[in-house]
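First comes the structure, then the notes that go with it.
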Amino acid sequence: ERVDCVRLNDGRVDRSGRFVCGAIHNTEPAAYVYQLAADLTSRRLLPDAVQISNSICFSPAGDVLYFADSPTHDILAFPYASDAAPPSAPRVFATVGSGPGLPVPDGSCIDEEGCLWNAQYGGGKVVRYRPDGTVDREIACPATQLTCCGFGGPDLDVLFITSARQNLDESAVEANPLHGAVFAVRPGVRGLPEDRFRG
């Protein structure tokens, strides 16, 4: 029998070198988002409990924290200062799908133009959102359960997209063995170097 548990699910280092990570709970909003400082002290960053932390990333200037509790379908944008009080008063940046079920927002990254790329779990696509939250473009992938995306390569001009086989039965995987694969595409824009934890 499966035991409900809380585990870490998504995280990223902010522009000041602090690590922000969010947890996941199997069945209900009982997980939290935390910040780990260079001296290895930690604090709860967001006050409210969540179920599935995802989409953690930061604007190029570091003054906006993006976050999604996946079952809500919303990607939120919080005003953010790394060493200040916990962020509050978020705005809904983008909404993925509607109603219960899939697709939902999963992992995200930011490019050099400040646009957010989001992997949509159950949607089979990565969507690029402009800083105002409007859709710029979509990239379809030959797998449905996309989990995250990030820029890499010597010039940071390759977008790597991960996927999962979770929640797919054996027949679905046999019909499409690309479920669970990693994809790479050159979208014509570069990413930003990932910040390093300073602890």
| query | For region 107-149, which residues satisfy the criterion of being outside any loop (DSSP other than H, G, I, E, B), open to solvent by 30 Å² or more (accessible area, probe 1.4 Å), touching a Cys at 6+ places or on another chain (Cβ under 9 Å) and of a type in the set (Lys, Arg)? | reply | Lys125
| request: Tell me which residues, restricted to region 11-26, are surrounded by fewer than 20 Cβ atoms within 10 Å (Cβ to Cβ) and of a type in the set (Lys, Arg). | output: Arg15
| field | Scope region 27-61; condition within 18 Å of the chain's Cα centre (by Cα), among the β-branched types (Val, Ile, Thr) and open to solvent by 20 Å² or more (accessible area, probe 1.4 Å); matching residues | value | Ile52
| task | Run Val185 past the list (1) touching an Asp or Glu at 6+ places or on another chain (Cβ under 9 Å); (2) open to solvent by 30 Å² or more (accessible area, probe 1.4 Å); (3) aliphatic (A, V, I, L, M) and report the number of the one that doesn't hold. | result | (1)
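The values are calculated or read from the model by the stated rules, or taken from the named source; none is laboratory data. Keep in mind it's a predicted model, so treat the numbers as computed, not measured. Please note: Cβ atoms are built from the backbone with ideal geometry, for glycine as well, and neighbour counts cover all protein chains shown. Please note that ligands, DNA and RNA were not included when accessible areas were found on the heavy atoms of the full protein model with its side chains. Shrake-Rupley method; radii C 1.70, N 1.55, O 1.52, S 1.80 Å.
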